[in-house]
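What follows is one structure encoded as structure tokens, with my remarks underneath.
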Amino acid sequence: MNAGRTARERARAELTEEIKTAARQQLATVGAEALSLRAISRELGMVSSALYRYFASRDELLTALIIDAYDAMGAAAEAAATGADPVDEWIAIYAAVRDWARANPQEYALIYGSPISGYKAPQTTVEPAIRVPVLLLGLLQRAQASGRLVTPADAPEPSGLLAQQTEVLVALAPDVPPAVLVRMIIVWTQLFGMISFELFGQLVGSMDPADEFFASASRQMAAFVGLS
């Protein structure tokens, strides 16, 4: 009985992955807006009612793809975290996120591109989504403890709405000065701004290829948050 259940579970997991693979292929051809469970079922030779036993709706499938994308990006960043020199590690994490995005542009667009009409991400996407910032905050924590983090003299303390945003970061990195956490938010958004500009062709003719630009900007952002 146990062996039978294990075999069924394995078969279900394999088919679930096949469905998600077909869905990613759809993302590459028609985009997230046009993602269709019926089209996926035809692609896999399944009746649509059978596919709905795996994913009850388009949004449920989208959520699975989004979580997978965040987790894959987070794993790439974590693999680049060597625990060595904090500036070098910061640059390596940034490079790993960029490399993952360039290798997986459709999945990157799914999580950092245009919003999908009618879709609202559930709470289950939050933890995967913050893997990279949590990694960077841990780096800042270690740098603070070792004296390699210096609060920039011109860094203002958070106020108003910005203070609310830093409350979460303070909980994750209580030893990092709030003024540095403000800058952490800035450089986090800057990272994805640069990647989006590169992936969506906004750097063509100016910073293309963008390797040197990205490496230089990553180092400057490390300095901006106070890493030394």
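Key figures for this structure:
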{"read-out": "Filtered residues of the range 44-96 (kept if touching a Ser or Thr at 6+ places or on another chain (Cβ under 6 Å), of a type in the set (A, V, I, L, M, F, W, C) and within 29 Å of A223 (Cα to Cα))", "value": "I91"}
{"read-out": "Scan of the range 98-125 for residues that are open to solvent by less than 30 Å² (accessible area, probe 1.4 Å) and polar (S, T, N, Q), ordered by number", "value": "T125"}
{"read-out": "Answer residue from the range 39-76, given it is hydroxyl-bearing (S, T, Y) and in contact (Cβ under 8 Å) with a residue 40 or more places away in the chain and is farthest from E127 (Cα to Cα) among those", "value": "Y54"}
{"read-out": "Any hit, the range 177-200, residues being open to solvent by less than 30 Å² (accessible area, probe 1.4 Å), in contact with a helix residue (DSSP H, G or I) (Cβ under 6 Å, 6 or more places away or on another chain), at pLDDT below 95 and part of a loop (DSSP other than H, G, I, E, B)", "value": "no"}
{"read-out": "Hey, V87 in contact (Cβ under 8 Å) with a residue 12 or more places away in the chain, surrounded by 12 or more Cβ atoms within 10 Å (Cβ to Cβ), in contact with a strand residue (DSSP E or B) (Cβ under 9 Å, 6 or more places away or on another chain) and among the aliphatic types (A, V, I, L, M) or not", "value": "yes"}
{"read-out": "Residue among R38, R42, R10, R58 that alone is open to solvent by 50 Å² or more (accessible area, probe 1.4 Å) and touching a Leu at 6+ places or on another chain (Cβ under 7 Å)", "value": "R58"}
{"read-out": "For Y108: the one exception among (1) assigned to a helix (DSSP H, G or I); (2) under 12 Å from L135 (Cβ atoms)", "value": "(2)"}
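The values are calculated or read from the model by the stated rules, or taken from the named source; none is laboratory data. These figures come from a predicted structure and were not determined experimentally. Glycine also receives a Cβ, built like all others from the backbone with ideal geometry; neighbour counts cover every protein chain displayed. Please note that ligands, DNA and RNA were not included when accessible areas were found on the heavy atoms of the full protein model with its side chains. Shrake-Rupley method; radii C 1.70, N 1.55, O 1.52, S 1.80 Å.
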